[in-house]
Amino acid sequence: MKTLKRIMFAVVMLLVVTSCSKTEQKIESHIPADAMLVAKIDVPTLVKNLGFEVKDNALQGTPRVYAALADLGVNADEMMGEASKTLNSGIDFSGSAFFYMLKGENDDHTSVFLLPVKDEAKLLTYLSDEAGVNLEDKSGVKVAYTGGTGYALKDGVLYCAPEKSADDVVGLVAAPVKAMNTNAEIVKALAPKNDVNVYVNVAQLKETLMGALPSAGGSQVQFAKSLLDIMDVKSGAYHLSFADNKCCYSQENVVDDNSDYAKLAQTITAEPSADLLPLMPKAANAAVFAVNINGEGIANLDAVKNLLALAGDSPEMKKMLDIFKSINGPLNIGVACETLSADDLDAVFAFKCGKASDLLEMLKQTLPPSMYTVQGDTYVFNEPLNGFKASLTVKGDAVSIKMAAKEYSDNLASVSEAKSLVGGAVSSVYCTMTLDNKQMLLCLNGKNIKQGDASLVVTENGKNVTPIEAIAFLVKLSEKVKALSPS
């Protein structure tokens, strides 16, 4: 007996080329306007973009996709066979599948998957034979409860509700008083042509998270509550696409300009800057994480003040706090290596500090002179740290700490894409890695609290590989990256 998870995986792997807007409208009419989350999955487009196609009424992939699935430990023949069976299950794969979540009382949640159905008789047989789900008539709706999930079938729509009984799921079939098409934010969030679009009522999600935190707790709990309390984002739209063999993600948050959250973001962040990129090493494999912060703004937050009060009011603590408050601008962490080995790793942590000289004096008072050798603006530690050559450089208001098995003369300021990315976003990540004959490029761009995007592409001989091949590459890469950890 096949499990529901295997069947749902097969569903996602199917491709049909026609559209079915009327069916989608029917499904949308059964999604409440006050849903906390709504997701729309364009199944035909998603499956096509993943590198599959339907031929002779069966799901097929290219030899390269089959090879990538094998690398992932997936039995491609079995998966394709399961998916091909599902083509004749009675489910309509010509349009989109939907998922929504409702926030109930006492933070009780209702999660519902909605799938279009073109042949109910076939679907009943398929569910019984393949998943052991036998639907029976109840109040004019065919329902079942199996394996912790409630199922309902009516008017060409299959409802699947985890942790809901057969009686519960009958109520979900009735059309809500207000459907999602009356909520302009949901409609707008799901409108773009992407593989997956998601709408989130962040205000409701915030209430849910607040309710999940213990009523009493230590400083960490109180800090989390303080952050959640000020996060007054109304809603968010999140989009994912695999078009052209490139994984692209974007988000838009609805936030009032005069909201506490917007004011917080302005308080704790600084203007984007690529000034520290010349300190970030460049090699065949290189990455930089960049964020622009306002130390004084962070230190003056009530939540931070409460934490600092617990640390005492010693002169040393006051001096450290003054130094932190003088940080205003970019903070970068960069790593580079040629062979994905700790033997040629170069890592740098750098930030802009208005009281860099005070920081240096404080360190010199803490460290005995025998520990380091002064070489111009750089203080080189005489003994390796965790197997790496370590040094501290203070030049003007730039402070950098280097841990290196090998030092590279080139830097990421010479990479125009990295410079544009880091110099144009409050927070960003640029990462390029090479393994065998494939190369990965990852770019994350946090422009502000309202907008952000990310892209990931894996190329071979200058050509983008399919997402399945990219996943296989990333799995292999993750195993290789473990070698970067010092023994």
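Table for the structure above
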read-out	value
Residue in segment 104-121 that is most open to solvent (accessible area, probe 1.4 Å), counting only those that are at pLDDT 85 or above and in contact with a helix residue (DSSP H, G or I) (Cβ under 9 Å, 6 or more places away or on another chain)	118
Segment 56-84 residues that are in contact (Cβ under 8 Å) with a residue 40 or more places away in the chain, paired with ones that are among the small types (Gly, Ala, Ser) and in a loop (DSSP other than H, G, I, E, B) (beta carbon under 6 Å, 6 or more apart)	61/51; 65/51
Selected residue (only one of 283, 336 is open to solvent by less than 60 Å² (accessible area, probe 1.4 Å) and farther than 22 Å from residue 427 by Cβ)	283
Among the candidates 316, 296, residue that is touching a strand residue (DSSP E or B) at 6+ places or on another chain (Cβ under 8 Å) and either among the acidic types (Asp, Glu) or at positive phi (or both)	296
Residue among 283, 243, 274, 224 that is over 30 Å from residue 435 (Cβ atoms) and not aromatic (Phe, Trp, Tyr)	224
Every residue from segment 394-413 that is of a type in the set (S, T, N, Q) and modelled with pLDDT under 95	409
Selection status of residue 127, at pLDDT 90 or above, open to solvent by less than 20 Å² (accessible area, probe 1.4 Å), more than 34 Å from the chain's Cα centre (by Cα) and under 20 Å from residue 92 (Cβ atoms)	no
Test set (1) open to solvent by less than 50 Å² (accessible area, probe 1.4 Å); (2) not in a loop (DSSP other than H, G, I, E, B) - residue 233 fails condition number	(2)
Count - residues of segment 144-156 that are touching a helix residue (DSSP H, G or I) at 6+ places or on another chain (Cβ under 6 Å) and open to solvent by 10 Å² or more (accessible area, probe 1.4 Å)	2
Long-range neighbours under 6 Å by Cβ, at least six apart or interchain, first residue more than 10 Å from residue 39 (Cβ to Cβ) within segment 88-106, second at pLDDT below 85 and buried (at least 21 other Cβ atoms within 10 Å of the Cβ)	93/14
Tally of residues being under 15 Å from residue 198 (Cβ atoms) and of a type in the set (Asp, Glu) across segment 27-49	2
Of residues in segment 53-93 being under 29 Å from residue 114 (Cβ atoms) and of a type in the set (D, E, K, R), the one surrounded by the fewest Cβ atoms within 10 Å (Cβ to Cβ)	55
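To keep it simple, each residue is scored yes or no on (1) at pLDDT below 90; (2) aliphatic (A, V, I, L, M); (3) open to solvent by less than 60 Å² (accessible area, probe 1.4 Å).
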residue: 171; (1), (2), (3): yes, no, yes
residue: 174; (1), (2), (3): yes, yes, no
residue: 192; (1), (2), (3): no, no, yes
residue: 199; (1), (2), (3): no, no, yes
residue: 212; (1), (2), (3): yes, yes, no
residue: 238; (1), (2), (3): no, no, yes
residue: 248; (1), (2), (3): no, no, yes
residue: 252; (1), (2), (3): no, no, no
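The values are calculated or read from the model by the stated rules, or taken from the named source; none is laboratory data. From a predicted model like this one, the values you see are computed outputs, not experimental measurements. With ideal geometry, Cβ positions are generated from the backbone for all residues, glycine too; neighbour counts draw on all protein chains shown. Ligands, DNA and RNA are excluded from the accessible area calculation, which covers all protein heavy atoms including side chains. Shrake-Rupley method; radii C 1.70, N 1.55, O 1.52, S 1.80 Å.
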